[in-house]
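Asker: Here it is, the structure, as structure tokens.
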Amino acid sequence: MLRSLLDSASASLVDEVWSWEAINQGDLALVNAESLNEIFDWHDDARDIVNFLLNYLPEETTPASLPTCLAHVPEAVFALLSLMIAHFFLCRALAALNFPKLFSSLILVDPIITAEKTKLVDEAVRFAVNAFTMQMFWSSRGEALSQFKESPFFTSWHPDVLKTYVDHGLAVDTAGSIRSKTTSVQESLTFVNVPVFIEVWELLEKLDENITLRWVVPSPGFLGEEDTKARVWRRPANTSNMVFSFAGHLIVQEAPIELAQDIATFLSTNYGSPQFKAAL
């Protein structure tokens, strides 16, 4: 999706892109392997995002490689006009709710925000069990890619996204096997922090109206058509939405090019004037 966005006519409006990982996901799961426990709280991830933006986001963009450990920036230099894109992880919405002045726009790609507690608990348990029992080790990346192509879960993914996942979402363990960077336990824990999904639903109508809100949702959607419709108009002011009827919940993986086109149009519409620049 990012590659398509940066190939679009709106690429000049993007100063820089920061891709965020929670402490138990991806490369951070490897870095923090000895420190992770059996609790994952989405509030912690929202706090980490805000801490990064307030205290560590470099003051100026640069094409040079950055150090692994960023320097602490001086206090109150975070004059920031940013667009934040979030899929599934509603902690981005939490960050915007708590620190609205940090964000000018928020694009939510079918995040799990709902008031339907019973349905949510049932789905959370199902996803957690599936994550806990999924295969985590393969003899090679080729074997992993071959199995993924035959899996119903992955068949709808864009082939470039699936290849990128195999190349960068998997790691080599000490025995030489290929394994998922995120363990099955940590993947499961990501789904079971159910109260925060409902908390964000309750707070969403109070999101600062100065933040331009864009929803991208599938049809009928993860929550069903009626619940999805209620969610996208939970805060109607300064809000728009796009329905991808040809995709499921995993829009980023299934329709990266189409999503990039929608985001490019959003950037052009909202940041096309010379005084605007966006940091994603």
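The values are calculated or read from the model by the stated rules, or taken from the named source; none is laboratory data. Because the structure is a prediction, the values reported are computed rather than measured. For neighbour counting, all protein chains shown are included, and Cβ atoms are generated from backbone atoms with ideal geometry for every residue, glycine included.
Asker: Check segment 12-29 and report whether any residue there is among the aliphatic types (A, V, I, L, M), farther than 18 Å from residue 267 by Cα, at pLDDT below 85 and in the same structural domain as residue 242 (by TED's automatic domain parsing).
Answerer: no
Asker: Assess whether residue 169 counts as being outside the structural domain of residue 127 (by TED's automatic domain parsing) and under 19 Å from residue 21 (Cβ atoms).
Answerer: yes
Asker: Further question on the same structure: Counting only residues that are among the basic types (Lys, Arg) and surrounded by 20 or more Cβ atoms within 10 Å (Cβ to Cβ), which one in segment 214-233 is farthest from the chain's Cα centre (by Cα)?
Answerer: The residue in question is 231.
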